[in-house]
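S.K.: Questions regarding the structure given below will be posed in turn.
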Amino acid sequence: MTAPASPPAPGTAPQVAKGLDSVIADETRISEVDGQRCELIYQGYHLDELVGKASYEEVSYLLLYGALPTRQQLAGWTAQLNTHRSLQPEMVAALTQFPRTARPMAALRTAVSLLGLYDTEADEEPVEVFYRKAVNAIAKTPTIVAAIGRLRQGQPPVAPQPELSHAANFLHMLHGCAPSVEQGQALDAYFVLLADHGFNASTFTARAVASTKSDYYSAVCAAVGSLKGPLHGAANRKAMEMLEEIGAPEKVEPYVQKTVADHKRFMGFGHRVYKGPDPRAKHLKEYARRLGEHRGEMKWFAISERLQEAVWNAKKLYINVDFYSASLLHYLDIPTELFTTMFACARIAGWSAHIIEQAANNRLIRPLALYTGPRNLRFVPIDQRPS
Ligand code: CMC
């Protein structure tokens with residue numbers, strides 16, 4: 001058992017780490033977020049080693065099992081993903097009952113809960129069973145998101161194609177036609193880049209739920225709820241809305257001046273951990289640029305590039321992962337409303353690896369709070385309280 005931290009010396013005020021800023025809450029082997037060097041490492045591999053070389057299938061295997069797969073292991077993993085990718089008819093029927101007005105992240109959160117309902121092993125405890133749940137959720141999350149996207153447009157879901165990659169399958173299931181090579185590669189890289197990121201808010205949420213020995217799906221549901229917030233995953237949607245509000249490159253500088261004057265935030269900028277450039281951003285920028293060129297539509301990239309420079313000049317803020325995710329996803333014809341669910345499609349691998357790591361070496365996550373409320377109040381019967 002780990003020894004508890006020493007109590008503060010008499011007469012000294014206990015320190016509060018608001019937002020758990022700089023707190024090391026546990027150990028992990030899954031990924032390292034190095035804020036000083038601005039590096040991201042997955043299971044020992046620098047992100048730059050993996051992007052454009054390893055597929056999401058390989059990286060999700062790496063995160064879960066701790067090593068890149070051999071050819072045979074990859075074939076087995078891909079076959080498992082293919083087996084689990086289709087939704088059972090009950091799931092499709094349930095998704096069609098969701099209100100069209102439901103926000104996609106709320107629909108995804110509910111759908112993940114349904115996955116747990118239809119999994120007969122959902123409450124079984126051995127960590128080995130968690131791997132089976134992980135492949136189920138990693139395979140099905142993009143299928144669910146594509147179905148949510150199509151049903152919102154009044155179109156029926158499209159079944160997956162076993163010969164397509166994980167990323168290309170998503171685009172096929174959303175658009176009803178196979179993507180180009182460039183589109184498939186760009187989404188694959190997006191999934192790789194967002195697959196894991198240390199103890200970010202949604203992952204930490206998942207680990208906190210797993211630490212109570214609750215089930216895998218409850219932990220993922222909670223993670224989806226955490227990712228839904230605009231300070232976390234919804235920043236990609238908000239970043240796209242910001243680009244649309246700006247509308248043209250020459251309108252960037254007035255927008256920046258007004259946002260600074262109004263003390264508002266630039267979505268897709270700033271980071272709690274990185275003290276310099278977010279290591280994912282340069283890759284996303286490059287893929288967004290390539291997709292823009294591929295489509296012959298550089299407008300969104302041009303606004304983004306000018307905004308990146310203008311916000312730097314005005315506030316010395318770096319872009320984060322969500323900034324160029326916005327134009328990249330837009331160039332893939334993914335509706336802005338679905339953007340945060342795309343983040344979830346990528347991060348489901350990291351969440352799963354962290355839930356398994358937490359369960360395999362568990363201790364209940366239960367921090368302290370510094371009480372700042374009143375003390376020694378006396379009970380007053382209700383008829384004697386001031387009205
Ligand atoms: N726009 C304008 N000002 C900012 C921004 C921003 N995006 N980010 C930080 N600041 C300012 C903030 O106003 C504050 O200034 P002051 O001290 O004068 O009040 C200072 O920088 C520190 O901000 P903070 O909120 O205490 O910093 P934090 O470490 O708690 O916040 C953050 C990190 C990501 C929540 C924040 O940078 C932010 O709100 N960014 C916009 C939302 C966003 O892009 N979120 C995605 C984060 S990365 C991917 C992910 O995890 O999902």
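The values are calculated or read from the model by the stated rules, or taken from the named source; none is laboratory data. Note that the coordinates shown come from a computational prediction; the quantities given were computed from them, not determined experimentally. Note that we place each Cβ from the backbone using ideal geometry, even for glycine, and neighbour counts take in every protein chain shown. Ligands, DNA and RNA are excluded from the accessible area calculation, which covers all protein heavy atoms including side chains. Shrake-Rupley method; radii C 1.70, N 1.55, O 1.52, S 1.80 Å.
S.K.: In segment 149-172, what count of residues is obtained for those that are open to solvent by 30 Å² or more (accessible area, probe 1.4 Å) and not in a loop (DSSP other than H, G, I, E, B)?
M.R.: Residues meeting the conditions: 2.
S.K.: With respect to the numbered conditions (1) touching a Lys or Arg at 6+ places or on another chain (Cβ under 7 Å); (2) surrounded by fewer than 10 Cβ atoms within 10 Å (Cβ to Cβ), which one is the sole condition not fulfilled by Asn376?
M.R.: (1)
S.K.: Within segment 179-201, can one find any residue that is in a loop (DSSP other than H, G, I, E, B), farther than 23 Å from Asn236 by Cβ and open to solvent by 30 Å² or more (accessible area, probe 1.4 Å)?
M.R.: Checked against the condition, which is being in a loop (DSSP other than H, G, I, E, B), farther than 23 Å from Asn236 by Cβ and open to solvent by 30 Å² or more (accessible area, probe 1.4 Å), segment 179-201 yields no hits at all.
S.K.: Additional query: Exactly one of (1) within 16 Å of the ligand (Cβ to nearest atom); (2) open to solvent by less than 10 Å² (accessible area, probe 1.4 Å); (3) in a helix (DSSP H, G or I) is unmet by Glu245. Its number?
M.R.: Failed condition: (2).
S.K.: Let me ask another. Considering only segment 28-43, how many residues are in contact with a helix residue (DSSP H, G or I) (Cβ under 9 Å, 6 or more places away or on another chain) and either more than 20 Å from Leu63 (Cα to Cα) or of a type outside the set (A, V, I, L, M, F, W, C) (or both)?
M.R.: The number of residues fulfilling the criteria is 6.
S.K.: Take the residues in segment 254-288 that are near the ligand (Cβ under 8 Å from one of its atoms), over 22 Å from His330 (Cα atoms) and of a type in the set (Lys, Arg), then tell me which one is farthest from the chain's Cα centre (by Cα).
M.R.: Taking the candidates together, the pick is Lys264.
S.K.: Does segment 109-130 hold any residues that are surrounded by 17 or more Cβ atoms within 10 Å (Cβ to Cβ) and among the aromatic types (Phe, Trp, Tyr), and which are they?
M.R.: Selection gives Phe130 alone.
S.K.: On the basis of being within 13 Å of the ligand (Cβ to nearest atom) and open to solvent by 70 Å² or more (accessible area, probe 1.4 Å), does Lys251 make the cut? Let's see the steps before the verdict.
M.R.: On the way: within 13 Å of the ligand (Cβ to nearest atom): no; open to solvent by 70 Å² or more (accessible area, probe 1.4 Å): yes.
When the stated conditions are applied, Lys251 does not pass them.
S.K.: Still on this structure, I have one more. In this structure, does Ile138 turn out to be more than 20 Å from Ser60 (Cβ to Cβ) and open to solvent by less than 30 Å² (accessible area, probe 1.4 Å)?
M.R.: So Ile138 fails the test.
S.K.: Right, here's the next one. Any residue in segment 263-286 that's at positive phi and open to solvent by 10 Å² or more (accessible area, probe 1.4 Å): show its pairings with residues that are part of a loop (DSSP other than H, G, I, E, B) and more than 6 Å from the ligand (Cβ to nearest atom) at Cβ separation under 9 Å, as long as the two are six or more apart or on different chains.
M.R.: What qualifies is Gly270/Tyr318.
S.K.: Looking at segment 204-214, is at least one residue over 22 Å from the mean Cα position of the chain (by Cα) and assigned to a helix (DSSP H, G or I)?
M.R.: Looking through segment 204-214, none of the residues is over 22 Å from the mean Cα position of the chain (by Cα) and assigned to a helix (DSSP H, G or I).
S.K.: Which pairs turn up if I take residues in segment 242-257 that are without any contact (Cβ under 8 Å) to a residue 12 or more places away in the chain and look for partners that are open to solvent by 10 Å² or more (accessible area, probe 1.4 Å) with beta carbon separation below 8 Å, at least 6 apart in sequence or on another chain?
M.R.: Pairs found: Glu245/Tyr255.
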